[in-house]
Amino acid sequence: QVACFDTAFHRGHPRFADCYALPRAFYDEGIRRYGFHGLSYEYIAHRLPEVAPAIAGKRVIAAHLGSGASMCAMKGGVSVESTMGFTALDGLPMGTRPGQLDPGVVLHLIEEKGMSAAAVTRLLYNEAGLKGLSGISNDMRVLLASDEPAAALALDHFAWRCGVHAGQMAAALDGLDA
């Protein structure tokens, strides 16, 4: 048996990049930005010297796009920043997950809408993202083929957020080469 941790590729980030603006005790207890899709990014970093040697040692943004989506800022094949944080809910919008979300929305759902923690968890992991925004599907192919305005909204939202997060990754790299 072999265990591969999907967060290990991101372990070299400086503390200031991986901590949340919370009291230190929470960080010490493990509440920090872990990043995910590390196995995918590690593979990309390993393959870049072979497939794109001119950029392999430079400042690169890689994107893991699918029903789960994220971006990773790499400098010289090493992770500098990831769009995902403590859980795989953070960052880019995904098939059924919302991506970056103001924590106040979660508090509102619990306190004002009376949703249980389990109901909010189900919403955020299974009913949000492209599926929730479009009301049609979490499948990009279905949304691209649809004439429904809600499908276009979900696609536009996804593209916009990808651009915003790419800008964040470029800032973390202090510039961008590829």
Among what's in the range 97-131 and is within 14 Å of the chain's Cα centre (by Cα) and open to solvent by 30 Å² or more (accessible area, probe 1.4 Å), pick the residue that is nearest to LEU155 (Cα to Cα).
ARG97
If you check ILE44 against the conditions, is it in contact (Cβ under 8 Å) with a residue 40 or more places away in the chain, under 21 Å from ASP177 (Cβ atoms) and surrounded by 15 or more Cβ atoms within 10 Å (Cβ to Cβ)?
no
Criterion (open to solvent by 40 Å² or more (accessible area, probe 1.4 Å), under 27 Å from ALA3 (Cα atoms), in a loop (DSSP other than H, G, I, E, B) and modelled with pLDDT of 95 or more) met by exactly one of TYR34, TYR27:
TYR34
Can you tell me how many residues in the range 1-57 are touching a helix residue (DSSP H, G or I) at 6+ places or on another chain (Cβ under 9 Å) and on the phi > 0 side of the Ramachandran plot?
2
If I go through the range 52-80 residue by residue, how many of them are surrounded by 17 or more Cβ atoms within 10 Å (Cβ to Cβ) and either part of a strand (DSSP E or B) or touching a strand residue (DSSP E or B) at 6+ places or on another chain (Cβ under 7 Å) (or both)?
14
Could you tell me which residue of the range 81-119 is farthest from TRP160 (Cα to Cα), considering only residues that are acidic (Asp, Glu) and part of a loop (DSSP other than H, G, I, E, B)?
GLU112
If only one of LEU39, LEU92 is open to solvent by less than 20 Å² (accessible area, probe 1.4 Å) and within 30 Å of ARG122 (Cβ to Cβ), which one is it?
LEU92
The condition from (1) open to solvent by 30 Å² or more (accessible area, probe 1.4 Å); (2) of a type outside the set (S, T, N, Q); (3) farther than 27 Å from ALA172 by Cα; (4) touching a helix residue (DSSP H, G or I) at 6+ places or on another chain (Cβ under 8 Å) that LEU143 misses is numbered (1)
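Keeping to the range 146-158, report how many residues are surrounded by 11 or more Cβ atoms within 10 Å (Cβ to Cβ) and part of a helix (DSSP H, G or I). Can you show your working first?
The initial filter retains those residues of the range 146-158 that are surrounded by 11 or more Cβ atoms within 10 Å (Cβ to Cβ), namely 146, 148, 150-158.
Checking which are part of a helix (DSSP H, G or I) leaves us with 150-158.
So the answer is 9.
Right, ALA63: aliphatic (A, V, I, L, M) and touching a helix residue (DSSP H, G or I) at 6+ places or on another chain (Cβ under 6 Å) or not? Spell out how you get there, then give the answer.
Details: aliphatic (A, V, I, L, M): yes; touching a helix residue (DSSP H, G or I) at 6+ places or on another chain (Cβ under 6 Å): no.
Considered against the rule, which asks whether it is aliphatic (A, V, I, L, M) and touching a helix residue (DSSP H, G or I) at 6+ places or on another chain (Cβ under 6 Å), ALA63 comes out as no.
The values are calculated or read from the model by the stated rules, or taken from the named source; none is laboratory data. Everything quoted here is computed from the prediction, not taken from an experiment. As a convention, Cβ positions derive from the backbone with ideal geometry for all residues, glycine included, and neighbour counts pool all protein chains shown. With ligands, DNA and RNA removed, areas are computed over all heavy atoms of the protein, side chains included. Shrake-Rupley method; radii C 1.70, N 1.55, O 1.52, S 1.80 Å.
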